[in-house]
Amino acid sequence: MPKEENLSSYLRKEISKTGFPLEIEISSVLDKDWMVYNNDPYVDEDEEKTREIDIYAIHTSSIFSENELKRRDIFIVTSNLIVECKKATTHAWIFFTRPRPFDWVPGPPDGHTFDFLEAFSNGKQSFLEPLRLPKTHYDRFPRVAYNYVEAKLQKDVRSESSSIFEAQNQLWKCLSYNSKIWREMFEKDRSSRAITVFFPAIVLDGELFEATGPSANVRLTRSHHVLLSISRRAKPLGPSMKDFLIDVVRKENFGDYMKMVKSDIVLIKKYFSTNRARLAKEADEAVERLP
């Protein structure tokens, strides 16, 4: 333990080794347009443990008046950002990308959204699934990562790292748990037309690379933003596989990423407001057909 006069310097040095300064920096960027919750708890239902996500934020456009909440012709679109902050000093993050699949569906993946019909039917039906939602920032990426590795930056680094796995694992489990919470909030009120959209992201303070080509002659390119695709089963979302797309963003590019997310929020809300009459009719009919 250092002497008292050196304690502050020592503690600052120790804090700088963690991801907390990055978390504070990212939270400060979000404070203007988001309601930010740091170290937000969620339940890992696979392991039955309570864990924490670095940042859970709700966009201010998600706030509705009590009168609006009671109107069946208004779709209550809530936008949520889930962020894990990682500092990597000993390892570089490398993501192996491939061209987008031919059956790519525009808009947020099914694992990112939860709607009123899913709540009323206990996950057996979805109002959003048959709709053609507008293209979002996910559709800007011609290539998507499915594999990754954390490569040592120095030979004398002894420990392996699993930070990418830990971060993506935290994100989809937190997302799944919060989808369950939204379902429980609205499942008994069949007048509700609530729709929730999640944006999961990893913010990295470190080296990020995209790897392309055959393994024998792989090409490495420095990157600021990579899209990671995963498919998982989660207890809160039912037995079927769900698709997730996780933005992996270097901290220097976080501002640009937030512009993309803001554009997505505007487009999705505009879609439901522009087509409100038609969609409200379809929603009423879908709800009436439920047992």
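Here, each number is a calculation from the coordinates, and none is a lab measurement. Bear in mind the structure is a predicted one, so any value in this text is a computation, not a measurement. A quick note on method: Cβ atoms are made from the backbone with ideal geometry, for glycine too, and the neighbour counts reach across all protein chains shown.
How do 28-35, 134-141 rank on mean C-beta neighbours within 10 Å, highest first? Don't jump to the answer; show the numbers that get you there.
Details: 28-35: 14.1, 134-141: 16.4.
Going by the mean number of other Cβ atoms within 10 Å, highest first, we get 134-141, 28-35.
Calculate, in whole percent, how much of the Cα-Cα pair population of the chain lies beyond 27 Å. Above the 27 Å cut-off, the chain has 45 percent of its Cα pairs. A crude spin-label estimate for the pair Lys281 and Leu267, with each label 7 Å from Cα along the Cβ direction, gives 2.7 nm. Quick check on my link table: of Lys13/Lys251; Lys152/Lys251; Lys49/Lys135, which ones sit more than 27 Å apart, alpha carbon to alpha carbon? The pairs that break the limit, which is 27 Å between Cα atoms, are Lys49/Lys135. Estimated at 0.36 nm per residue, the fully extended path between Met35 and Arg98 surpasses their Cα-Cα distance by 19.1 nm. The DSSP beta bridges internal to the stretch 18-288 are antiparallel in roughly 65% of cases.
Highest mean packing comes first when the peptides 164-176, 258-270, 38-50 are listed by Cβ atoms within 10 Å, giving 164-176, 258-270, 38-50.
Its DSSP H runs of at least 4 residues, each contributing -39,500 (n - 2.57), put the calculated 222 nm mean residue ellipticity of the chain at -10000 deg cm²/dmol, to the nearest 500. In the chain, the longest principal axis of the Cα atoms and the axis of helix 254-274 are about 0 degrees apart.
Shown here is the pair-distance distribution of the stretch 110-220: with all Cα-Cα distances grouped in 10 Å bins from zero up to the longest one, the shares run 11, 30, 28, 18, 10, 3, 0 percent. Sorting the segments 77-87, 206-216 by their mean number of nearby beta carbons within 10 angstrom, highest to lowest, gives 77-87, 206-216.
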